[in-house]
Structure formats: C-alpha cells, structure tokens
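Single-structure report; data block below.
The values are calculated or read from the model by the stated rules, or taken from the named source; none is laboratory data. Values in this document were obtained by computation on a predicted structure and should not be read as measured data. Glycine gets a Cβ as well: all are built from the backbone with ideal geometry, and neighbour counts include every protein chain shown.
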Amino acid sequence: MERIMTTREARSSGLTSFLASFPSQFTVDTIGKVTVVKRSAVPSSTTPHHKAAIPASEIEEYELFRVARLLPEAGKPIAIDEAFLNDAQALLPPGHDVLSVCLSAPELFNVTFSNGSYSIQFKLSPTCVPRIRHPEEELEKIARGDGDRRKRRAAQRQLAYLKYRSPFLDERVLAFYLVDILPTVVEKGNPFSACVSRADLFKGLPPEIGFCTPVDIRAFLSKFPNLFTLMDGEGTDLLIQRADLPIPHQSSEEDITAEEVLTEIFLHYPQTRPPIKGTNLFRCLNTLSPPLRRKLYSFKNVKEELLLLFPDKVELMTNPFGPPTEVDDLFHPTPHQIRTCKGRVDFFIPFRFKDDWLEKLEKKYDKALLKKI
C-alpha cells in the first residue's frame, strides 16, 4: 500500500532524506507538492523469486554432488561469488547454472538471499554423521597410529566430521568425486589401462577427502554399480573402473593353469623370511587373487597337481632347518590355521623354489632388508 505525504509533512518529519537513503526498501518521488513513498518489493522468503533457468527434471544427479564438493563445510552458508561461479561452471554441463541445480534439490541445499547476493548451504544428512566414540585428541592418535586399518579409517571419519563437517561424508559426494578422477578412456591393446587399484586410488586423495573414506571400501563402492565396475586385483586388492567403460576379460578359474598359479606364488612370494628356508601354500594364500585362490582350492591334492609338476622350479622340504619356533611354525600348523584354510592339510607341505627362481627371490629379499635399515 502506498503512503502519500505532502511535501510539508515530509520535510517537517525529516523523513524524505531518511527514507531515500534506503532505496532497496523505499521509493521516494516528489510530484509537485506531494511526496509519494512506496515500499520496494521485498521477497516473501529468504529465497527471492528466482525462476530456475533449467527445469529440475533436466538436472542430472551428478550435478548436485559436484556442486556439493565445492562447499568446504556442510551446514555453513557459502556466498556465491564470481570465483565460486567459475568453479561450478567448470563442473556443470553447458547452459546449466549453479542456482538452478541447487534449487532443484531443496533436500540437499538451502539457497538464501541477503544483502543482494545468494548463499548456498549443503545439508548433511544425520545418517552420514559418524558416531563419535573418543575425544578428539585420542582420535588423532588412532588416526596416525600403525594399528588396525579399519580402526584408523573410522577415527579419520570422526575427525573429518569434528574438524571440517565435510560434505564428502555423504557417500554420494565422495562417489561422484572418485568417478570423476578415474581414467575415462581404455588404451588400445591394453584392456586394463582404465583400471585403478584400490590402494592407488585412495592413497592419492587429499587428506580432507581421504579422511571421509568409509571403513569398508568394497562395500561402499558396491553401492554404486552405476558408477563403478569392481574386479579382483592382485592378492586381496581391488581393481576399480568407471562403469561406462567396457569390462576387461578376467580369466575364470577353469582357464587358469597350474603353472600360472605357481608363477603368481613366485611373483608375490612373502618376504618375511629368507627364501632358502622355504614356505607353504597357506602362507601364500593372501598374496593370490580370488580366482587363483579358487583354482588352488580346486586341486584335490596340491602336492601331486601343483608342487611335483615342476621339479625344475620347486623342491619339497623334508629336512627343516632354522630356529625351532620357525621350523614348528612351518611344519606343524595349529588347529586354527587348518580351520582357516578349510581343513586343507596339504596346504602346509613345506617347499622352496630352486636354481634361478631361488636366486631371484634372494635378491628381492636382500633389497627388502636394505630398505628396513
């Protein structure tokens, strides 16, 4: 509603200059002897009447979580300045603007308007907040320690929440970030060129992002089959590839030969003791990929079907040597160890590589010792 005052009223009350000093709230016009004061249009909510340039139905899910990773802290409004707009534009499809993206998902973003500018706030769901189990000082010690890896990772997630309130604690934000840094092209003639090992992918993350990594990485990645293809790598490692790339062929256990099993055991031979003292298959299990382990279990008698097939490379050990504890550990498995390998007592037959293969293993062992000095 307009409030009309005469010029005399306006001057006597001293309101004209006062109201005119607030152009965003009032419009002051003088017509003859009459001063007309109008209230400027004020948004009825914290968000002005911004009509999204892009309909919500045209906004892709990845756009939401790409924008979210630009916000340093969840729950804290961040002003949309020129630098933010430039960073967001580099992550969005041509023609899509950051306001349209955020307004399309009110369950994820608060968009506010104050003093002529917009701010964005990311909402971190309570389901993404880790349970804080220790004081911050103790969490720091656990996170930096050499203890159980899962406990370290859990402590790091708790610190990420206490210190940063990081949007990367939302697994969707982290997942879309990871898929963006994976290779996008498969090299000709190298079908595994776009695969990255779990160790390489996560050790290269900045600390503020790496600290948000879930405790069980395989389970986390498995939640996003639309983003990732997961394959067995060497030992217990995992190979990760974008889901939109062709899946490289992996040999099934039927395709794997006994020689391939033996070669993998040689290539990943444990370096915890001198090769001349020998080992057994139980000790080598964790160095083999799941397909190779399954192949090993498919042998009904590993002595006949594997170890004795290659007399030029392998010899069985019947006369142990070394400290009694080492000999006992190699030749006499505990009941727990036997249960661990499903009762396969033939996995505890001592053997060692010989000739050229033994020489190569000894060189690797010596190098490993030098690194520890």
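List of remarks:
- Matching residues, the range 114-130, being modelled with pLDDT of 90 or more and out of contact with any Cys (no Cβ under 8 Å at 6 or more places or on another chain): Tyr118, Ser119, Gln121, Phe122, Lys123, Leu124, Ser125, Pro126, Thr127, Cys128, Val129, Pro130
- A search for C-beta distances below 7 Å between a residue of the range 132-150 that is among the small types (Gly, Ala, Ser) and any residue that is surrounded by 11 or more Cβ atoms within 10 Å (Cβ to Cβ), counting only pairs 6+ apart in sequence or on different chains, returns Ala143/Arg152; Ala143/Ala155; Ala143/Gln156; Ala143/Leu159; Gly145/Arg152.
- Sole residue being assigned by the TED database to the domain that holds Cys212, touching a residue at least 60 places away in the same chain (Cβ under 8 Å) and assigned to a helix (DSSP H, G or I), chosen from Arg66, Arg153: Arg153
- The listed residues are Asp232, Asp255, Asp244, and the only one of them that is within 16 Å of Pro290 (Cβ to Cβ), without any contact (Cβ under 8 Å) to a residue 60 or more places away in the chain, surrounded by fewer than 14 Cβ atoms within 10 Å (Cβ to Cβ) and among the acidic types (Asp, Glu) turns out to be Asp255.
- Being of a type in the set (Ser, Thr, Tyr) and at pLDDT below 90 holds for only one residue in Ser100, Ser104, Ser57, and it is Ser57.
- Pair list, Cβ < 9 Å and 6+ apart or interchain, from the range 296-325 residues that are under 26 Å from Glu359 (Cβ atoms) and surrounded by 15 or more Cβ atoms within 10 Å (Cβ to Cβ) to residues that are of a type in the set (Lys, Arg) and at pLDDT 95 or above: none
- Here the condition is being at pLDDT 90 or above, more than 12 Å from the chain's Cα centre (by Cα) and under 30 Å from Leu245 (Cα atoms); of Pro135, Pro167, Pro214, it holds for Pro167 alone.
- Qualifying positions in the range 315-328 - at pLDDT 90 or above and under 23 Å from Lys342 (Cβ atoms): Leu316
- Counted residues, the range 147-178 - those being among the hydrophobic types (A, V, I, L, M, F, W, C) and surrounded by fewer than 18 Cβ atoms within 10 Å (Cβ to Cβ): 1
- Taken as a whole, the condition of being touching a strand residue (DSSP E or B) at 6+ places or on another chain (Cβ under 8 Å), modelled with pLDDT of 85 or more and farther than 27 Å from Arg198 by Cβ does not apply to Lys300.
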